[in-house]
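*Asks:* Pasting a structure below so you can have a look.
The values are calculated or read from the model by the stated rules, or taken from the named source; none is laboratory data. Source: prediction; values computed, not measured. In this analysis, Cβ positions are derived from the backbone assuming ideal geometry, glycine residues included, and neighbour counts consider all displayed protein chains. These area figures cover heavy atoms from the full protein model, side chains too; ligands, DNA and RNA do not enter into them. Shrake-Rupley method; radii C 1.70, N 1.55, O 1.52, S 1.80 Å.
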Amino acid sequence: MAAHPRAPPPELIGDAVAQILVRIPPDESAHLARASLVCKLWRRIISDPGFTRLYREFHHRTPPLLGFLHNTERGSLFFPTAAACPFPRSPCGRWRDLDYRRWWALDCRHGRVLFQDAADTRKLIVWDPIGGGQEELDKPHHFQHTMMCTAAKVLCAAAAGCDHVGCPFLVALVGIYGGSAHGCVYSSEARAWGEPAVSLHLGTAGRRILNLRRGALVGDDAYFIACDGDAILKYDLRRNRLSAINPPGRHGTNIILMPAGDDGASLGLAGIKDTKLHLWSRKQVDDEGTRRVAVARWWVQCRVVELERLLHVDCRRAMVIGFAEGVGVLFVRVDASTFMIELKSGQVSKVSDSGVFYSALPFMSFHASAAGFASSTVSASPLPAEGNILLESW
C-alpha cells in the first residue's frame, strides 16, 4: 500500500515570523536583507515601520553603526562599515543623493546628517539619508561674519524613546569671533532660530578656533573642542547658556569628546600622547545634604592603554578621529590605516588601510527597507589572548 505524501507544514503567521526575525542581533542583521528575499510576506514584515520600532525596542534602542562620513578636498564622502549599506553610492563611496562637492559634514546624530555649504558658509542643511528628506537653513545674522569660526550639532527634539523617524530636530550652533563665544539653537518645529545665548568672553583675544571634529552630547549639554584643544566649550541647551572648562592633561588637538560611564551621563575625553591612549571622565562631587546639589567637578583618568600592544603597529603618528555614541566605538588613525576599537571589550577591526581620514562622523540607524536592506554592525575580530586589553570601567 503506497504511502500518502506528507502535507507541507503550515505556514508561519506574520506575528510569529516577526517575533523570530526581531531576535536577529544587530551585529548579524545583514541576515534581515536575505530574509526579505524569502517571500513577499517576510519582505512586507521587514519593510514595515512597525517592525523597525519593534526591532529597536527589542535591542534596547541602540542603533547599529552603518559607517562614517569624512571630509576631503572633494567634499563629504561616506565610508560604510556595515555588511549591508543603505545608501546608493558609486564605487568610490560618494553619496549620489547629495552634491557631495558642495557640502561639508559637521555632525551625524539620531539618523540625520548636518552639513555646511562649502561655498557659502552662511548656509546649513539637515539631511535624513534613510528617508531622503532635507531642510536648508541660513545661519542667524550674527553668525554670518566671514571671520567667525563655527561648529554645530544636530539632535532629536522629541521625548526619550523616539524612534527618530520623521521626528522634530534641533541644531545647536556655536561660534567664536574676537575672543568671545556665541550660541543659538534652531527648532524644526518652530522653523526658526531661538534667542541667542549671552556671549562668553574666553579671556584671550587669540582664542578663536573651534575644532570641527564631532564633539559630544551629554544630556542637555553640547560640548565642543575650542582654542586648539586648550578649552572645551559647553552649551547648556536647556538654559541657553555657554561656559568653558579646561581639558585634562596636554593632548593638543589630538583629542575627542564623548559621553562616558555606563549611562553616558558624564563627559568623557580620549586623547593620544606618546603612543598611549588616555581615557578621562569628568566626575561630579555632591554635598552631603539631602538635596545632593553638585558642588564640584573634575577630571578622573579611567584608563591608559598602550596602542602598539592593542593595534600591533607603530603608533607614533596615531590620531583619535571619532567616537560612535551608544556602541562605545573609538576610531583611531595610524598613517593610512584606520581602526575601530570597542572600548568595553577591547576588540579591534581595521576599517581601512588605503586612505587618510582626519575625522570620522559615525552614522547609526535602524533601518529595513523593501529594497532588501537591513542595517548591520561591523563584526569586530577578537584580539589574540595576549593582546586582548579590556578597557574596563568605560
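*Asks:* Look at the range 334-353 and say how many of its residues are within 23 Å of VAL218 (Cβ to Cβ) and either open to solvent by less than 20 Å² (accessible area, probe 1.4 Å) or modelled with pLDDT of 90 or more (or both).
*Replies:* Of the residues in the range 334-353, 4 are within 23 Å of VAL218 (Cβ to Cβ) and either open to solvent by less than 20 Å² (accessible area, probe 1.4 Å) or modelled with pLDDT of 90 or more (or both).
*Asks:* Further question on the same structure: When you check ASN240 against the structure, is it over 19 Å from GLN284 (Cα atoms) and in contact with a strand residue (DSSP E or B) (Cβ under 8 Å, 6 or more places away or on another chain), yes or no?
*Replies:* Considered against the rule, which asks whether it is over 19 Å from GLN284 (Cα atoms) and in contact with a strand residue (DSSP E or B) (Cβ under 8 Å, 6 or more places away or on another chain), ASN240 comes out as yes.
*Asks:* Residues in the range 105-130 that are in a strand (DSSP E or B), touching a residue at least 40 places away in the same chain (Cβ under 8 Å) and of a type outside the set (A, V, I, L, M): how many?
*Replies:* 4
*Asks:* Give just the number: which of (1) modelled with pLDDT of 85 or more; (2) open to solvent by 40 Å² or more (accessible area, probe 1.4 Å) does SER188 not satisfy?
*Replies:* (2)
*Asks:* Taking the range 299-310 as the search range and keeping residues that are assigned to a strand (DSSP E or B) and open to solvent by 60 Å² or more (accessible area, probe 1.4 Å), which one is nearest to PRO248 (Cα to Cα)?
*Replies:* GLN301
*Asks:* Something else: Pick out, from the range 227-295, the strands (runs of 3 or more DSSP E) lying fully within it that include 3 or more residues that are within 26 Å of VAL320 (Cα to Cα) and either among the charged types (D, E, K, R) or modelled with pLDDT under 80 (or both). Reasoning before the result, please.
*Replies:* Values: elements: 231-236, 241-245, 255-260, 266-273, 276-286.
Answer list for the range 227-295: 276-286.
*Asks:* Checking GLY133 against (1) open to solvent by 10 Å² or more (accessible area, probe 1.4 Å); (2) more than 26 Å from LEU200 (Cα to Cα); (3) within 19 Å of the chain's Cα centre (by Cα); (4) in contact (Cβ under 8 Å) with a residue 24 or more places away in the chain: exactly one of these is not met. Which one?
*Replies:* (3)
*Asks:* How many of the residues in the range 50-88 are open to solvent by 40 Å² or more (accessible area, probe 1.4 Å), modelled with pLDDT of 70 or more and touching a strand residue (DSSP E or B) at 6+ places or on another chain (Cβ under 9 Å)?
*Replies:* 2
*Asks:* Can you report the number of residues in the range 136-160 which are within 18 Å of the chain's Cα centre (by Cα) and either more than 26 Å from LYS234 (Cβ to Cβ) or open to solvent by less than 30 Å² (accessible area, probe 1.4 Å) (or both)?
*Replies:* Matching residues across the range 136-160 total 6.
*Asks:* Within the range 311-333, how many residues are surrounded by fewer than 21 Cβ atoms within 10 Å (Cβ to Cβ) and either of a type in the set (D, E, K, R) or in contact with a helix residue (DSSP H, G or I) (Cβ under 8 Å, 6 or more places away or on another chain) (or both)?
*Replies:* 5
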